[in-house]
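Accompanying notes for the structure given below.
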Amino acid sequence: MDVPTNVLLPGERLLWSGRPQRLIFARFDWYQFAFGLLWGIVTIVVPVARHEPLSFFAWAVGVGGVAFVWVPVVARLRGRRGVEYVVTDRRIVLADRFSGRTRASAYLGTLPPPVARIRQDGSGTIVFGRFTRAPLLPPPSSGPLMLTGLVAVPEAGRVRDLIAWAQAGQA
């Protein structure tokens with residue numbers, strides 16, 4: 001993606017841009033997925049397997065419950081899939097890959113130093129400060145996407161070093 005001009009502030013320089021290399025399920029996503037699966041089994045599969053007739057209301061509760069639980073997971077995954085990470089000499093920006101609008105941003109001076117967990121293929125996750133155990137529930141204002149780190153970044157070590165270099169004011 002060519003970084004749209006509305007992502008960069010006047011005088012800001014682009015240092016790196018990229019997008020997640022794969023979709024990552026957060027811990028809360030796994031819990032929601034498992035709960036929806038269990039709900040579907042209990043409300044639909046078990047009665048059907050017992051050859052019990054299901055009323056329209058029973059079907060609505062079963063299918064509606066699964067949808068109610070799984071739709072937020074799908075929305076979060078779609079939000080993560082459509083993001084472009086942009087590192088400038090002043091900020092980290094999460095931009096929409098399709099429209100180019102800014103979804104979230106943070107100034108480098110307000111963030112702790114970056115830390116990376118790097119996989120064998122060189123991709124990894126970059127967080128600011130230190131890795132912590134993920135909370136069971138996402139923060140209430142998180143929506144589908146927030147700036148907590150960069151997930152599934154190609155060449156994570158190089159990007160972490162670039163961010164640290166920019167934070168030190170050498171960009």
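The values are calculated or read from the model by the stated rules, or taken from the named source; none is laboratory data. Note that the structure is predicted; figures quoted are calculated from it, not measured. Cβ coordinates were reconstructed from backbone atoms using ideal geometry, including for glycine residues, and neighbour counts include every protein chain displayed. For accessibility, only protein heavy atoms count, side chains too; no ligands or nucleic acids. Shrake-Rupley method; radii C 1.70, N 1.55, O 1.52, S 1.80 Å.
With N set to the residue count of the chain, report its C-alpha Rg divided by 2.2 N^0.38 Å to two decimal places. Display every interim value, and only then the final one.
Values: Rg = 20.3 Å, N = 171, 2.2 N^0.38 = 15.5 Å.
Here the Cα radius of gyration is 1.31 times the empirical estimate.
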Note: probe point = Cα of Arg81 + 7 Å toward Cβ; backbone nitrogen < 12 Å; residues of region 8-37 passing the test are 22-24
Put a dot 7 Å past each Cα toward the Cβ at Arg101 and Val63; how far apart are the dots in nm?
-> 3.2 nm
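Using a 1.4 Å probe on the protein chains only, how many percent of the accessible area of region 1-93 belongs to carbon and sulfur? The partial results should precede the final answer.
Values: 3920 of 5620 Å².
So the carbon and sulfur contribution to the accessible surface is 70 percent.
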Which value, in Å² and to the nearest 10, is the accessible area of Phe131 when all protein chains are kept and the probe is 1.4 Å?
-> 50 Å²
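Taking K and R as +1 and D and E as -1, what net charge do the other residues with C-beta under 15 Å from the C-beta of Arg119 add up to?
After counting each charged neighbour, the total is +2.
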In whole Hz, what ³J(HN,Hα) sequence does region 94-100 give by Karplus (6.51, -1.76, 1.60; θ = phi - 60°), x for Gly and Pro?
-> 9, 10, 6, 5, 8, 9, x
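Given 0.36 nm per residue, what is the gain on full extension from Trp30 to Ile118 after removing their alpha carbon distance, in nm? Walk me through the numbers on the way to the answer.
Working: separation 88, 0.36 × 88 = 31.68 nm, distance 2.20 nm.
This chain segment gains 29.5 nm when fully extended.
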Pairing the Cα long axis of helix 156-167 with the longest principal axis of the chain, what angle in degrees results, from 0 to 90 and rounded to the nearest 10?
-> 50 degrees
